[in-house]
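In what follows, a structure is listed as structure tokens, so that the remarks can point back to it.
The values are calculated or read from the model by the stated rules, or taken from the named source; none is laboratory data. These numbers come from a predicted model, not from an experiment. Heads up, the Cβs are rebuilt from the backbone with ideal geometry, glycines too, and the neighbour counts pull from every protein chain shown.
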Amino acid sequence: MRNDARPDEATIARLRERAQFVRLETIRLIEIAKVGHYSSVFSAAEIFAALYYDVMRLNADPKWPDRDRFLMGKGHAAVGLFPILADLGYLPVEVLNGYTRLGNPLGDHPDMRKVPGIDFSSGSIGHALSNGLGMALAGRMQGRDFTTFVMLGDGEMQEGQVWEAATCAAHHRLSRLVAIVDRNGYQLDGAVDDVMGIEPLDEKWRAFGWEVHVVDGHDVAELTAALRAARADTAREKPCCIIARTLKGKGVSYMETEPGWHLGYLDPSDAEAARAEILSKVI
């Protein structure tokens, strides 16, 4: 990994603040919906922030053909992405206030037909990497230099289609394809390693022909440096996988590693306490 990829202190502070913004907005939107996936977003907040506020090449036009692509296998975390899209100007901020309401384009999962800035409609896990490799291969065939980023849940590693896609991507030497595994340790039914173990995850990705880096998914400096380097290094002639070790529910102590918060609802007083805890610490 390139040493010059590390962000400066001002960027680190900005990304930490944006990750907090994602968590706070997630709480607000789930208050509207009355149920949602807090902990799945909280584990990925720094990933969202690093990609959208630093690493990815974006444009005011969400259909710009040379933009970097982002696909989210764990589509249930979309509530954390929608505030970013509004913040970047892809949709009116007011649309957030109708999250999941009848007639509003923002649902529990992302819909690329309705939401500007969404590159892939996801819900059923296991399909994102296949679609991402297709986009990366199409970009190569068209002579474009965009990078395709695919964020996957660690429970998603139990899906056979993920490994079919990993094989295909390595075969085609898709250097502009970057997978990010949110290794938070939990899925709907409990701990990933209790449901069906996936370790040694880094060795498996390497065996499938990928370059692999394991990072602290809540250390924005380390995470951003890895993502920057993965995007810049097109000479490696293989796709890259970044395994981000995270905590499910990071930022709210009683949610951390508690599988019951995979889907839940905070009443107003608990929501206010969660906000206070998030604001009280630099994550």
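Odds and ends about this structure:
- Among the residues listed as Ala226, Ala244, the single one being modelled with pLDDT of 95 or more, surrounded by 23 or more Cβ atoms within 10 Å (Cβ to Cβ), under 21 Å from Ser40 (Cα atoms) and among the small types (Gly, Ala, Ser): Ala244
- Exactly one residue out of Ile12, Ile32, Ile27, Ile47 is in contact (Cβ under 8 Å) with a residue 24 or more places away in the chain, of a type outside the set (Phe, Trp, Tyr), closer than 15 Å to Gly217 by Cβ and surrounded by fewer than 24 Cβ atoms within 10 Å (Cβ to Cβ): that is Ile12.
- Condition met for Asp87 (in contact with a Ser or Thr (Cβ under 7 Å, 6 or more places away or on another chain) and more than 30 Å from Ala170 (Cα to Cα)): no
- Taking the conditions (1) surrounded by fewer than 19 Cβ atoms within 10 Å (Cβ to Cβ); (2) part of a helix (DSSP H, G or I); (3) at pLDDT 95 or above in turn, Ser269 satisfies each one other than (3).
- Identity of the residue in the stretch 80-122, of a type in the set (S, T, N, Q) and under 21 Å from Leu152 (Cβ atoms), that ends up surrounded by the fewest Cβ atoms within 10 Å (Cβ to Cβ): Ser121
- So Ala169, is it buried (at least 21 other Cβ atoms within 10 Å of the Cβ) and within 18 Å of the chain's Cα centre (by Cα): no
- Helices (runs of 4 or more DSSP H) lying entirely in the stretch 69-163 (those with 1 or more residues that are at pLDDT 95 or above and aromatic (Phe, Trp, Tyr)): 78-87
- The residue that is farthest from the chain's Cα centre (by Cα), counting only those in the stretch 8-39 that are polar (S, T, N, Q) and farther than 18 Å from Leu263 by Cβ, is Thr11.
- Any hit, the stretch 180-197, residues being assigned to a helix (DSSP H, G or I), out of contact with any Pro (no Cβ under 7 Å at 6 or more places or on another chain), farther than 26 Å from Gly36 by Cβ and modelled with pLDDT of 95 or more: no
- Residue tally, condition over 21 Å from Pro65 (Cα atoms) and either basic (Lys, Arg) or assigned to a strand (DSSP E or B) (or both), over the stretch 164-179: 1
- Pairs with Cβ under 9 Å, 6+ apart, first in the stretch 130-151 and within 18 Å of Leu58 (Cα to Cα), second surrounded by fewer than 16 Cβ atoms within 10 Å (Cβ to Cβ) and of a type in the set (A, V, I, L, M): Arg144/Ala138
- The set of residues in the stretch 1-45 that are in contact with a strand residue (DSSP E or B) (Cβ under 9 Å, 6 or more places away or on another chain) and over 19 Å from Ala78 (Cα atoms) contains only Met1.
- Criterion (free of Cβ contacts under 8 Å to residues at least 24 places away in the same chain and among the aliphatic types (A, V, I, L, M)) met by exactly one of Val115, Val95: Val95
- Residues of the stretch 213-223 classified as of a type in the set (Val, Ile, Thr) and buried (at least 19 other Cβ atoms within 10 Å of the Cβ), total: 2
- Here Gly209 meets the list (1) touching a residue at least 60 places away in the same chain (Cβ under 8 Å); (2) part of a loop (DSSP other than H, G, I, E, B); (3) in contact with a helix residue (DSSP H, G or I) (Cβ under 8 Å, 6 or more places away or on another chain) almost entirely, failing just condition (1).
- So Gly249, is it in contact with a Ser or Thr (Cβ under 8 Å, 6 or more places away or on another chain) and either touching a residue at least 24 places away in the same chain (Cβ under 8 Å) or surrounded by fewer than 16 Cβ atoms within 10 Å (Cβ to Cβ) (or both): yes
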